[in-house]
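Below is one structure; the comments refer to it alone.
Derivation of every value follows stated rules applied to the coordinates shown; laboratory data play no part. Please read all numbers here as calculations on a predicted model, not as lab measurements. All Cβ positions, glycine included, derive from the backbone under ideal geometry; neighbour counts span all protein chains shown.
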Amino acid sequence: MKKNIFVIALILIGLTVPFTVGNFIIRFCTDIILFAIMASSWNLIGGYTGYGSFGNVVFFGIGAYLTGLLMNLWNLNFFFALFLSGLGCGLFALLMGLPILRLKGHYFAIATLGVAEAMKALVQNLEITEGNSGLYLPMPDLPIDVTYKFFYFVSFAVLTILLIVTFFILKNKLGYGLIAIREDEDAAASAGINTTLFKTLAFCLSGFFTGLAGSIYAYQQGFIKPEPVFNVGITVKMIVMAVFGGIGSLFGPLIGAISIEIISEFLSNHFLIAHTLFFGTIIIIAILFAPRGIYDIISGKRKISMAYFMENIRQHRV
């Protein structure tokens, strides 16, 4: 019952925000939603399946550049470009995942990071992508106020679809299989789960939705360059948001994205010089005392007390 109220409240707040605040807040909320999409997408492979990818930014960058190329070269409508960019990223995740999903642990993490860096170098040297000069995208032919709302609602729709897809995955064989792989992949394979198929599907879905976020970002910015959209710091932020909010939970990455962005904005405005120091300290404290994330605290599953925090420390041998 509490979860239903929470979901309804989120939807109502999400639908009414653009009509009650100014353009700056709408843009800020759009950025939060885009990061929530990326964190939730990473959660599919890193949280539920247990494969900590450090290269998910590659899908963000590919989605951004595919949208730019499709709209510039083929004059495609943004929504066609958006969908095709997502499919392109899903296909790339399939081709990328077949070999590297055979790796585990830090070997997998390093391999994904290597692919992301290699793709950035490739884009920097391709003539079609304009290299380091960057790529311009056509601007929306809309009034400025409508433009802000347009990107907000497109992002909101993608996040809603992602959460619905994730919810149904968790309620079906695929979700149970992914969690079984995370807990013990060898045991899952012995139980008859096609681990290769399951983790590849999770990786493809993660790539698809991350690519959609990259596509929206590119069209919103109107100009993209390799360094910003293939920056590994984006992947780090996805992971931090997922862990901070609650890794392996449906709403954890969303809560993490909201919390991290608000904390970061507050600190950057009030503690400009020591912003990074304070921000890092908050993340460390949160992970030490609540390694299951904020969602574990606010979900009401367990009573919050000093004993709760001390138990977390003992269980995770901090």
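Comparing Gly46, Ala36, Pro143 along the charge dipole axis of segment 16-154, the residue lying farthest to the positive side is Gly46, per the Cβ-charge model. Helices that extend 30 Å or more along their long axis by alpha-carbon positions and average at least -1.0 on the Kyte-Doolittle scale are, among the DSSP H runs of the chain, 78-100, 144-170, 195-221.
Averaged over residues, the count of other Cβ atoms within 10 Å places the peptides 189-196, 69-76 in the sequence 69-76, 189-196, highest first. Kirkwood radius for segment 131-267, taken over all pairs of different Cα atoms as the inverse mean of 1/r, rounds to 17.4 Å. Taking 0.36 nm per residue of separation and subtracting the current Cα-Cα distance, fully stretching the chain between Leu288 and Ile144 would add 47.5 nm. Averaged over residues, the count of other Cβ atoms within 10 Å places the peptides 125-133, 161-169, 254-262 in the sequence 254-262, 161-169, 125-133, highest first.
Only helices enter the 222 nm calculation for the chain: every DSSP H run of n ≥ 4 contributes -39,500 (n - 2.57), and dividing by all residues gives -24000 deg cm²/dmol, rounded to 500.
Along the Cα-to-Cβ line of Ala9, 7 Å from the Cα, sits a label point; which residues in segment 211-255 have backbone N less than 18 Å from it? The answer is 245-246, 250-255, whose backbone nitrogens lie closer than 18 Å to the label point.
Packing-based ranking of 50-63, 17-30 yields 50-63, 17-30, ordered from highest to lowest mean Cβ neighbour count within 10 Å. When the P(r) is computed for the chain, the part past 37 Å accounts for 15% of the Cα-Cα pairs. Simple spin-label estimate for Ala187 and Phe153 gives 4.8 nm between the two label positions (7 Å along the Cα-to-Cβ direction from each Cα).
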